[in-house]
Amino acid sequence: LLPRVSKIVTTVLLVVTLGGCGWMPWHDSEPETHPGVPGYVALGDAAAVRAALLEQHRQWRGVPYRMGGTDRNGLDCSGFTQLTFRQRFGVALPRDTSAQRAAGREVGERRIVPGDLLFFDTGIFERHVGIYLGERQFLHVSTRAGVMISSLGDKYWSRRFSHAVRVY
């Protein structure tokens, strides 16, 4: 029994040693981005993403919040992010906020770039999502003002910010 245990331990140690980097956390030196879809803005081009999001805001500004909505009669936050990613980037996001949280890789607040999804905890069971524009601003659907741009520096949003996700 002892020689068999020794072989198992040796094999495990060999696998761990040869696996090396596989056991280390991924280093976030270069932002991982969606490779881009022909005919759409590439998520890796921060300036183009910001311009596309500002144009989306111009076209949808003031469209009211409506739970479950996905059109100009009204939309909710996850419906708007889904629609925006499809229209501007050719990316199919899931419909609900919880699934959108799993649509990419979490990035630290200091590493967010235009196009990253921002998640907020707005209540015990309530979640909110918006799209980062750069310069500490994000595009989203507000229950009071519809489609709008808000600041991460705003006391309400800064207290509720949970995390950011880079879609891949």
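The values are calculated or read from the model by the stated rules, or taken from the named source; none is laboratory data. Keep in mind that this is a model prediction, so the values were computed, not measured. Neighbour counts run over all protein chains shown; Cβ positions are idealised from the backbone, glycine included. Protein only, heavy atoms only, side chains kept; ligands, DNA and RNA dropped before computing areas. Shrake-Rupley method; radii C 1.70, N 1.55, O 1.52, S 1.80 Å.
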Enumeration of residues in segment 138-168 that are within 24 Å of residue 45 (Cα to Cα) and polar (S, T, N, Q): 150, 151
Per-region count, segment 117-133, residues under 22 Å from residue 63 (Cα atoms), of a type outside the set (A, V, I, L, M) and surrounded by 14 or more Cβ atoms within 10 Å (Cβ to Cβ): 7
Residues satisfying the stated conditions in segment 144-168, i.e. under 22 Å from residue 75 (Cβ atoms) and part of a helix (DSSP H, G or I): 156, 157, 160
Any hit, segment 75-95, residues being more than 13 Å from the chain's Cα centre (by Cα), farther than 22 Å from residue 41 by Cβ and not in a helix (DSSP H, G or I): yes
Residue selected from segment 109-137 under the condition part of a loop (DSSP other than H, G, I, E, B) and modelled with pLDDT under 95, by the criterion nearest to residue 47 (Cα to Cα): 122
Residue within segment 83-95 that is among the polar types (S, T, N, Q), in contact (Cβ under 8 Å) with a residue 60 or more places away in the chain and out of contact with any Ser or Thr (no Cβ under 8 Å at 6 or more places or on another chain) present: no
Segment 75-106: number of residues that are out of contact with any helix residue (DSSP H, G or I) (no Cβ under 8 Å at 6 or more places or on another chain), crowded, with 20+ Cβ neighbours inside 10 Å and not hydrophobic (A, V, I, L, M, F, W, C): 3
Flag for residue 68 being of a type outside the set (S, T, N, Q) and on the phi > 0 side of the Ramachandran plot: yes
Candidate set from segment 56-74 (those that are in a helix (DSSP H, G or I) and either open to solvent by 60 Å² or more (accessible area, probe 1.4 Å) or aromatic (Phe, Trp, Tyr) (or both)); member that is nearest to residue 144 (Cα to Cα): 60
